[in-house]
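Okay, structure first, notes after.
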Amino acid sequence: LTAAKEAKEIQESTNVANLEAANVELVLARLDLEEYTQGTFPKLLASSKRDVEMARISVKTKEQDLAQQQALFAKGFVNASDVKTGEINLIKEQNTLASVEADLRVLEKYTYEKESTDRKNKVAQAEKKLIRVQRENMSQLAQKQAAFNAAEQALALRRKQMENLKNQLASATIKAPSDGLVV
């Protein structure tokens, strides 16, 4: 009975701890989803769009520089290597623009979908885990309660048997009115 009572109390304590852990996990999963959709992703998107805009401005600047270099070359003020350097710089900036535009497309089309789906899945899993923990807690507590009740009934039955045996023992004693032999 004592062991069953202790096991029941331990199970109650464990249930509280498991339930709190499942609730915290659910709250954290929801916060993680909200943080990504309302904080991290918009920040990354704005940064990527800024990078694209800066790359476009840089390409435009390099195009103007190249046009100036070509005009000066036509007038004989610069040599052909300066024009080639301008062309190389323009190509580098165009490559940078293409790269940041690709990064933006990947972020918008794939990264957002992947990350938000992953976080939504974690929220769903945490909700399911919370329900599972609640059911497991009820089941395990019911088992411990049943064991406790069975131990109480067994103790009551043993006490009743002990009283019955004490009564039988008291009734089995034969008292003779005087000394002598019993035949």
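The values are calculated or read from the model by the stated rules, or taken from the named source; none is laboratory data. Please read all numbers here as calculations on a predicted model, not as lab measurements. Here Cβ is always computed from backbone atoms with ideal geometry, including for glycine, and neighbour counts include all displayed protein chains. Only protein heavy atoms, including side chains, enter the accessible area calculation; ligands, DNA and RNA are left aside. Shrake-Rupley method; radii C 1.70, N 1.55, O 1.52, S 1.80 Å.
Observations, loosely collected:
- Long hydrophobic helices in the chain, taken as whole DSSP H segments with a C-alpha length of 30 Å or more on their own axis and mean Kyte-Doolittle hydropathy at least -0.5: 2-35, 41-75, 80-106.
- Proximal charge balance of Asn149 [Cβ under 12 Å; K/R count +1, D/E count -1]: +2
- Entry comment: accessible area of the chain is 75 Å² per residue, from protein heavy atoms only and a probe of 1.4 Å.
- Qualifying trypsin sites (Lys or Arg not before Pro) in segment 90-177, where qualification requires a DSSP coil assignment and no more than 11 other C-beta atoms within 10 Å, comprise Lys175.
- Each label point was placed 7 Å from the Cα along the Cα-to-Cβ direction; for Ile10 and Ala150 their separation is 1.7 nm.
- For segment 1-43 and segment 153-183, distance of Cα centres in Å: 58
- Under 18 Å of direct C-alpha separation, and excluding same-chain neighbours fewer than eight residues apart, Lys49 reaches these lysines: Lys60, Lys109.
- Given (i) 155, 24, 17; (ii) 47, 44, 28; (iii) 51, 38, 29, the label whose value is Cα extents along the principal axes in Å derived from this model: (i)
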